[in-house]
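First comes the structure, then the notes that go with it.
Every number here is computed from the coordinates shown, using simple stated rules; none is lab data. Fair warning: this is a prediction, and the values are worked out from it, not measured in the lab. A quick note on method: Cβ atoms are made from the backbone with ideal geometry, for glycine too, and the neighbour counts reach across all protein chains shown.
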Amino acid sequence: MTRIAVIGNGMVGYKFCEKLCATSNRKDFQITVFGEETWPAYDRVHLSAYFSGSTADDLIMASKGWYQENQIELLTNELVVHIDREHKKVVSHSGVEVFYDKLILATGSAAFVPPIPGVEKTGVFVYRTLEDLDAIMTYGRKAKSAAVMGGGLLGLEAAKAVMDMGLEAHVIEFAPRLMPRQLDAAGSSILQSKLESLGISIHLSKSTQQINGEEQLTGLQFADGSALAVDMLVVSAGIKPRDELAKACGLEVAARGGVVVNEFLQTTDESIYAIGEVASYKNMIYGLVAPGYEMAAQVVNQLTEAEVKPFFGYDMSTKLKLIGVDVGSFGDPFGDAEPSKPIVFEDKVKGIYKRINIAANGKKLLGGILVGDASAYGMLLQMVQNNMALPPEPEALILGNRGGGEMVGAGVESLPDEAQLCSCENVSKGAICMAIEKDGLTQIADIKACTKAGTGCGGCLPMVNDLLKHQLKVMGKQVKNVLCEHFDYSRQELLDLVKIKKIRTFNQLIDQYGKGDGCEICKPAVASILASTWNELIVKQDTIQDTNDRFLANIQKGGSYSVVPRIPGGEITPDKLIVIGEIAKRYGLYTKITGGQRIDMFGARVDQLPDIWEELINAGFESGHAYGKSLRTVKSCVGTTWCRYGVQDAVSFAIRVEERYRGLRSPHKLKGAVSGCIRECAEAQSKDFGIIATEKGWNLYVCGNGGSKPQHAKLLVTDVDSETCLKYIDRFLMFYIRTAEPLTRTATWLNKLEGGLDYLRDVVVNDSLGIGEELENDMAFMVQTYSCEWKEVVNNPELRAKFKSFVNSDESDPSLEFQEMRGQKIPASWS
Amino acid sequence: MIFELEKYKTTEVTKVSTWYRAAPVDAFPENGGACIKYKDLQIAIFNFARRKEWYACQNLCPHKMQMALSRGMIGSDADEPKVACPFHKKTFSLKSGKNLNGETCDIATYPIKIEDGYVFVGFEE
């Protein structure tokens with residue numbers, strides 16, 4: 001039994017354990033891991049996700065249970081203070097002593113804090129651990145602005161984090177450009193203008209001389225005489241290897257920090273290895289996870305006597321999404337390692353910069369830079385790493401093939417089998433193809449589980465996905481994006497078929513274009529398509545509707561239904577309020593004000609629904625479509641009519657908008673809002689479409705939502721008049737209805753839409769597809785053919801008869817049980 | 001409510017002692033379901049017109065003990081006819097009552113026959 005001690009439980013330390021446990025020799029080792037933090041190893045690469053709602057648990061690489069299951073002794077909150085090389089023993093601050101045969105140093109790095117006067121002041125933070133983040137979040141609650149020192153990868157991540165906290169964000173960089181190690185001046189300037197348009201202020205060539213303030217930071221003083229007033233500072237100016245333990249026990253340490261290792265990751269003591277950011281190979285520290293994982297793998301190979309690939313350095317190519325901007329830097333990004341010529345493409349309007357460096361002989365790709373569109377990253381990196389021959393017109397690599405047809409030699413299929421697709425987990429193309437063929441995998445999730453490809457940084461997933469599609473195609477398998485087993489078509493294709501072939505029922509569609517009998521996925525999806533196209537009464541085909549649409553009410557716990565009449569813009573007369581109150585009282589319904597400024601009545605039996613609605617309709621109400629994947633409400637503030645700040649009549653416009661789109665069936669529910677001024681009391685920026693009044697007209701925001709993953713709506717156009725605003729909403733909604741997948745909210749739809757907001761604006765505002773008028777006409781048809789479906793049911797005895805608990809008895813459902821809470825009824829609880 | 005669940009037992013057609021005349025055929029929507037009450041049982045009946053088949057099962061979804069299956073959408077999984085509970089879309093085979101998601105227990109099914117324009121459900125007393 002070999003005793004292994006691992007000092008450091010970060011990503012690389014964890015990976016070492018994972019890899020060692022996966023070998024067949026696991027039983028030969030006894031493993032003890034020391035971690036100084038409270039948590040087991042977590043994902044530091046995606047730290048900023050902590051600010052946008054991820055919890056510590058989401059970021060944990062493996063739970064404490066995993067270590068137990070794998071019989072690894074994990075000692076968290078234990079800081080190793082001494083390595084006794086003579087007796088092969090490590091000692092922790094609390095006195096724990098562990099003997100080892102092999103010791104793994106995976107202590108990683110700490111944030112480098114430059115020795116600037118005042119750096120000890122309150123309000124100065126580093127960005128490294130979950131504890132740092134907690135401290136930043138707590139302090140940030142009382143701050144308005146924050147500066148991040150360092151415009152590198154981590155610095156920009158930190159800037160996103162402070163922006164997500166709602167603070168005014170500044171980035172301070174010493175160099176004359178952002179990401180100086182990855183980007184050239186032109187690429188950097190595109191990135192800068194993108195970030196600035198998001199509201200981040202960038203300060204370049206700034207050497208911070210002093211941190212101002214008494215005990216608490218109040219701002220920064222720069223060497224050029226300028227100053228910046230901020231409430232907090234996050235230092236992200238680089239890393240410093242945690243080599244102090246190694247130094248104290250006499251291991252050789254590099255001049256610029258880091259424990260010196262040879263190509264077998266051995267330190268100057270052959271029973272001690274160093275891996276990850278603490279290791280210095282030929283005076284180089286590798287501050288990315290992929291090389292750290294590779295080091296871990298090679299040490300495991302040595303311990304288990306598997307084949308070892310010596311570590312001779314590592315490609316430092318990176319691709320990431322920085323605050324929504326894709327950035328890639330690969331091979332030799334600046335083309336200065338050997339003679340080369342660049343091909344450069346720059347589009348300042350769309351914010352895209354691409355550069356590839358071609359060897360002087362014109363035969364090879366050496367490296368390059370991608371900003372704004374890094375979709376070609378994976379392929380380009382492969383070409384560099386595999387020394388692949390360039391196509392005859394290498395500019396096609398970044399410009400696309402303008403002659404039409406398939407581009408030769410640039411798809412994933414042209415890669416050799418040994419090409420490493422996933423560098424974090426070192427998975428080759430051949431291994432993935434094998435898994436697809438032998439194990440019959442058809443889903444990305446299966447490939448991730450089976451080969452681990454794409455489970456690290458995730459940067460290779462687009463390529464793995466391409467490979468999967470290609471491989472399945474080669475094997476003759478269907479790879480289309482299809483609705484379900486009954487239709488080999490996407491929702492968009494089915495919508496086109498319904499429209500062109502004038503199909504009006506589910507049965508017609510499945511008989512002509514599907515197979516089998518349908519299911520709970522395709523039935524409501526087709527019902528939605530039919531409703532969005534023909535706008536016929538949905539209960540005519542009641543059995544293809546989800547239960548809420550079948551009974552035109554929302555099913556609730558216990559099987560009773562709730563009733564929501566439309567209250568456009570949230571405006572209601574006292575008389576109508578009284579009607580609602582009387583009805584609720586008469587039928588014994590629980591009442592609650594909804595988030596969309598209307599009133600929900602709960603606890604109605606299915607057989608009571610038509611009677612309740614008859615009364616509501618007689619009092620001038622109509623369906624609120626709370627049960628449908630359709631327009632719900634258009635929320636409003638009181639606007640100019642009452643509010644002393646209002647600049648437009650928000651209520652009138654909200655009512656107009658709500659009445660225009662009422663009953664509109666769509667892939668998912670739709671919510672809107674109109675705010676009468678910049679104070680935004682109607683919370684329009686959290687809606688699928690939000691309208692905010694300006695002095696000159698309206699600003700239109702689209703694709704926001706609340707819910708479990710809140711997303712702010714994005715500004716589509718500014719200062720448009722009411723007619724133009726409606727025209728753009730018409731186009732936007734119809735475009736969404738036509739192209740979205742089932743049950744996809746507008747925010748998710750936009751996130752997946754190729755070209756994003758710029759493309760959407762092109763289609764809706766600039767009419768780049770030339771379909772603007774068609775979309776408007778489609779919407780005009782929906783508006784003209786609208787009718788209240790409850791009114792039709794109430795007045796149609798045959799439809800009305802469907803609202804019964806039992807077909808063989810007039811009894812009402814005896815299983816409905818209620819109890820009382822705060823003077824109203826609620827359903828008996830879930831079993 | 002667990003007691004409620006125990007009232008429903010899959011009945012083999014050979015063991016039927018009572019054929020209960022539930023309702024006329026046209027009381028049941030095509031390709032959908034409706035509920036009948038027999039003594040203290042609630043039975044979901046499905047008129048699977050596309051397949052020219054009829055099915056009967058308990059109306060109670062065992063997942064959250066909701067009287068709901070008759071209001072669910074029916075369909076097929078490969079060739080297996082199924083119903084999806086409207087609450088959380090758990091699906092059950094209409095033939096065997098087996099839970100097709102493997103997440104909750106199975107449901108009881110009952111023999112059904114059509115005679116003289118009426119739907120009859122078989123019970124074992």
* To do: Report ³J(HN,Hα) in whole Hz for each residue of region B:90-100, in order, from the Karplus equation J = 6.51 cos²θ - 1.76 cosθ + 1.60 where θ = phi - 60°; Gly and Pro get x.
  => 6, 10, 9, 5, 7, 7, 9, x, 5, 6, 7
* Structure fact -> Taking chain A and counting helices only, DSSP H stretches of n ≥ 4 at -39,500 (n - 2.57) each over all residues, the nearest-500 ellipticity at 222 nm comes to -8500 deg cm²/dmol
* **Distant-in-sequence amide H partners of A:K89 (H built 1.01 Å from N, under 5 Å)** => A:D84, A:Y100
* **Low-density loop cleavage sites - trypsin sites (Lys or Arg not before Pro) in region A:643-687, where at most 15 other Cβ are within 10 Å (DSSP)** => A:R644, A:R679
* Asked: lysines near A:K354 by alpha-carbon distance under 18 Å, same-chain residues fewer than 8 away left out - which ones?
  -> A:K194, A:K319, A:K321, A:K341, A:K364
* Structure fact -> Summed over the other residues with a beta carbon less than 14 angstrom from that of A:V81, with K and R at +1 and D and E at -1, the charge totals -2
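Could you tell me the relative contact order of chain A? Use alpha-carbon pairs under 8 Å, at least six residues apart, and round to a whole percent.
6 percent
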* Projected onto the charge dipole of region A:124-237 (+1 at Lys/Arg Cβ, -1 at Asp/Glu Cβ, origin at the Cα centre), which of A:A158, A:L217, A:Q182 gives the Cα projection farthest towards the positive end? -> A:Q182
* If you place +1 on the Cβ of every Lys and Arg and -1 on the Cβ of every Asp and Glu, how big does the dipole about the Cα centre of region A:124-237 come out, in debye to the nearest 20? -> 240 debye
* Structure fact -> With a Förster distance of 41 angstrom and the Cβ-Cβ distance between A:E395 and B:T10, calculated FRET efficiency to the nearest 0.05 equals 0.05
* To do: Take the alpha-carbon centre of region A:99-154, take the same for region A:739-771, and report the distance between them in whole Å.
  => 39 Å
* Structure fact -> At q = 0.13, 0.26 Å⁻¹, the log10 of I(q)/I(0) for region A:491-545 from a Debye sum over equal Cα scatterers comes to -0.25, -1.10
* Divide the volume of the convex hull of the Cα atoms of region A:124-237 by its number of residues and quote the answer in cubic angstrom per residue. => 92 Å³
* Asked: Tilt of helix A:289-303 relative to the longest C-alpha principal axis of chain A, in degrees (0 to 90, nearest 10)?
  -> 60 degrees
* Karplus 3J(HN,Hα) series, Hz, for region B:26-42 with 6.51 cos²θ - 1.76 cosθ + 1.60 (x for Gly, Pro) -> 6, 6, 10, x, 5, 6, x, x, 8, 10, 10, 10, 10, 6, 9, 9, 10
* Of the GluC sites (Glu not before Pro) in region A:98-196, which ones lie in a loop per DSSP and count no more than 16 other C-beta atoms within 10 Å? -> A:E120
* How much length, in nm to one decimal, is gained on full extension between A:K557 and A:D607, taken as 0.36 nm per residue of separation minus their Cα-Cα distance? -> 16.3 nm
* Structure fact -> Honestly region A:151-190 on the Cα gyration tensor test (a ≥ b ≥ c root eigenvalues; a/c under 1.5 rounded, otherwise a/b vs b/c for prolate or oblate) is just prolate
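Could you calculate the FRET efficiency of A:N386 with A:D101 from 1/(1 + (r/R0)^6), where r is the beta carbon distance between them and R0 is 41 Å, rounded to 0.05?
Values: r = 39 Å, r/R0 = 0.95.
For A:N386 and A:D101, the calculated efficiency is 0.55.
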* Give the shape of region A:295-375 as rounded, prolate or oblate, defined through the alpha-carbon gyration tensor: a ≥ b ≥ c are the square roots of its eigenvalues, a/c under 1.5 means rounded, and otherwise the shape is prolate if a/b is larger than b/c and oblate if not. => oblate
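For A:L421, what is the net charge nearby, where nearby means another residue's Cβ is under 11 Å from its Cβ and Lys, Arg count +1, Asp, Glu -1? Before the final figure, lay out the partial values.
Numbers: positive: A:K429; negative: A:D417, A:E418, A:E425, A:D466.
Summing Lys and Arg as +1 and Asp and Glu as -1 gives -3.
Summarise the long-distance tail of P(r) for region A:626-786 by giving the % of C-alpha pairs beyond 24 Å.
Value for region A:626-786 (Cα pairs over 24 Å): 27 percent.
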* Structure fact -> With +1 at each Lys and Arg Cβ and -1 at each Asp and Glu Cβ, the charge dipole magnitude of chain A around its Cα centre, to the nearest 20 debye, comes out at 840 debye
* Dividing the Cα convex hull volume of chain B by residue count, how many Å³ per residue is that? -> 98 Å³
* Step through the residues of region A:776-785 one at a time and calculate ³J(HN,Hα) from phi using the Karplus curve (6.51 cos²θ - 1.76 cosθ + 1.60, θ = phi - 60°), rounding each to whole Hz and writing x for Gly and Pro. => 5, 5, 4, 5, 4, 4, 5, 5, 5, 8
* Find which of A:W749, A:Q784, A:Q648 sits farthest along the positive direction of the dipole of region A:626-786, computed with +1 on the beta-carbon of Lys and Arg, -1 on that of Asp and Glu, about the Cα centre. => A:W749
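If you add up the charges near A:G313, with Lys and Arg at +1 and Asp and Glu at -1, over every other residue whose beta carbon is less than 11 angstrom from its beta carbon, what do you get?
Residues close to A:G313 contribute a combined charge of -2.
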* To do: State the answer as a single residue: which of A:L288, A:L494, B:P111 lies farthest towards the positive end of the charge dipole of the protein assembly as shown, with beta carbon charges of +1 for Lys and Arg and -1 for Asp and Glu, about the Cα centre.
  => B:P111
* Between the DSSP loop rule and a limit of at most 10 other Cβ atoms within 10 Å, which GluC sites (Glu not before Pro) in region A:244-316 are left? -> A:E270, A:E305, A:E307
* **Once the Cα gyration tensor of region A:436-570 is diagonalised, semi-axes √(5λ) in Å** => 37, 21, 14
* Can you spot the aspartates and glutamates whose alpha carbon is less than 12 Å from A:K282's alpha carbon? Ignore those fewer than 8 places along the same chain. => A:E263
* Using only Cα atoms, what Kirkwood radius does chain A have, in angstroms? -> 30.8 Å
